[in-house]
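S.K.: Structure incoming, see below.
The values are calculated or read from the model by the stated rules, or taken from the named source; none is laboratory data. Not measured: the values here are computed from a predicted model. Note that we place each Cβ from the backbone using ideal geometry, even for glycine, and neighbour counts take in every protein chain shown. Remember, those area values only see protein heavy atoms, side chains included, never the ligands or the DNA or RNA. Shrake-Rupley method; radii C 1.70, N 1.55, O 1.52, S 1.80 Å.
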Amino acid sequence: MKITNYGHACWHIELASHQLLFDPFISGNPLATHIDIDKIQCDYILISHGHEDHIADVERIARRTNAKLISNFEIINWFGAKGLSNGHPMNIGGKWKFDFGTISYFTAQHSSVMPDGQSGGNPGGFLVETPQGNFYFSGDTGLMMDMKLIPSLLKLDFAILPIGDNFTMGIEESIIASDFIECDQIIAMHYDTFGYIVVDKQIAKAKFEARSKNLIFIEIGESLTI
Ligand code: NI
Ligand code: MN
């Protein structure tokens with residue numbers, strides 16, 4: 001599995017036969033100006049919630065690639081009304097077997113509204129089970145007790161969690177989350193993009209190390225194969 005960071009909460013996951021893209025927000029990200037949006041390939045675009053910093057480039061990429069959108073019912077309907085009809089609606093607690101693996105749309109403690117003010121449904125994250133490995137992409141969320149359910153649902157190889165604080169979990173909460181989900185390989189997201197979420201990476205890594213956990217930073221545009 002090849003994991004590429006496109007900045008903020010946007011991740012590209014290359015599986016054996018399919019490519020997934022999470023929460024595309026590249027054109028509006030001042031840290032991702034070196035990423036060529038129009039070269040990104042994907043079969044599926046997974047959307048955690050309706051905020052602009054998670055959906056800004058969905059339409060541009062979906063129109064070019066005809067990728068299938070996976071999100072909650074309200075977000076899929078919202079893009080459907082724009083003519084993006086290749087969508088798969090889900091809701092909290094449900095799972096579906098796709099051709100690349102099984103997705104569960106898992107609860108997140110956050111908010112979700114579309115850029116035009118329409119409802120973005122309930123925010124969520126994704127539990128992703130594939131033959132190449134299992135992971136949790138939490139989306140934007142605070143620390144929540146529901147995370148303790150995850151080990152009963154899926155044995156994780158790694159998790160992508162926010163560490164930027166203010167809008168989501170910060171470093172300390174992410175360490176507790178990694179206990180809850182029983183996964184010590186954490187890839188950091190949702191930091192540095194705006195002034196409110198700037199982190200010191202060395203301090204963040206040290207805090208994880210002090211708890212015998214691995215916090216992984218992948219530079220924007222760089223990949224990690226696991
Ligand atoms: Ni958000
Ligand atoms: Mn966000």
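S.K.: Determine the dipole magnitude for the chain: charges of +1 sit on the beta-carbon of Lys and Arg, -1 on that of Asp and Glu, nothing else is charged, the reference point is the Cα centre, and the result goes in debye to the nearest 20.
M.R.: Charge dipole, the chain, about its Cα centre: 440 debye, nearest 20.
S.K.: From the phi angles alone, apply the Karplus equation (6.51, -1.76, 1.60; θ = phi - 60°) to region 212-225 and give each ³J(HN,Hα) in whole Hz, x where the residue is Gly or Pro.
M.R.: In residue order, the calculated couplings are 6, 10, 10, 9, 9, 9, 10, 5, 5, x, 9, 10, 9, 9 Hz.
S.K.: Using alpha carbons only, how many angstrom separate the centre of region 73-117 from the centre of region 185-226?
M.R.: Cα centres, region 73-117 to region 185-226: 27 Å.
S.K.: Using a 7 Å offset from the Cα along the Cα-to-Cβ direction at both His34 and Ala81, what is the distance between the two label points in nm, to one decimal?
M.R.: Once both label points are built, they end up 4.0 nm from each other.
S.K.: Pull up all non-local amide H partners of Met90: gap of 5 or more, or a different chain, and H-to-H distance under 5 Å with H placed in the peptide plane.
M.R.: Close amide H contacts, sequence-distant or interchain: Ser71, Asn72, Phe73.
S.K.: Once the piece of chain linking Gln41 and Leu153 is laid out straight, how much longer is it, given 0.36 nm per residue of separation minus the C-alpha distance between them?
M.R.: In short, 37.3 nm is gained.
S.K.: Across 5 Å bins from the origin, how do the percents of Cα pairs in the chain run, short distances first?
M.R.: 1, 7, 16, 21, 22, 18, 10, 4, 1, 0
S.K.: Heavy atoms only, probe 1.4 Å: what % of the accessible area of region 2-225 goes to carbon and sulfur, would you let me know?
M.R.: 48 percent
S.K.: Here is a further query. Can you tell which of Ala32, Ile92, Phe167 lies farthest toward the positive end of the dipole of the chain, using +1 and -1 charges on the Cβ of basic and acidic side chains (Lys, Arg; Asp, Glu)?
M.R.: Ile92
S.K.: I've got another one for you. Express the accessible area of the chain per residue in Å², computed with a 1.4 Å probe while the remaining protein chains stay in the model.
M.R.: 42 Å²
S.K.: Another question, then. Of the residues Lys39, Lys68, Lys213, which exhibits the maximal mean-square fluctuation in a Gaussian network model of the chain defined by a 10 Å Cα contact cut-off?
M.R.: Of Lys39, Lys68, Lys213, the Gaussian network model singles out Lys39 as fluctuating most.
S.K.: Then there's this: With both bridge residues required to lie in the chain, what share of the DSSP beta bridges run antiparallel, to the nearest 5%?
M.R.: DSSP beta bridges in the chain are roughly 55 percent antiparallel.
S.K.: For the chain, what relative contact order do you get, as a whole percent, if you take Cα pairs closer than 8 Å and at least 6 residues apart?
M.R.: Relative contact order comes out at 17 percent.
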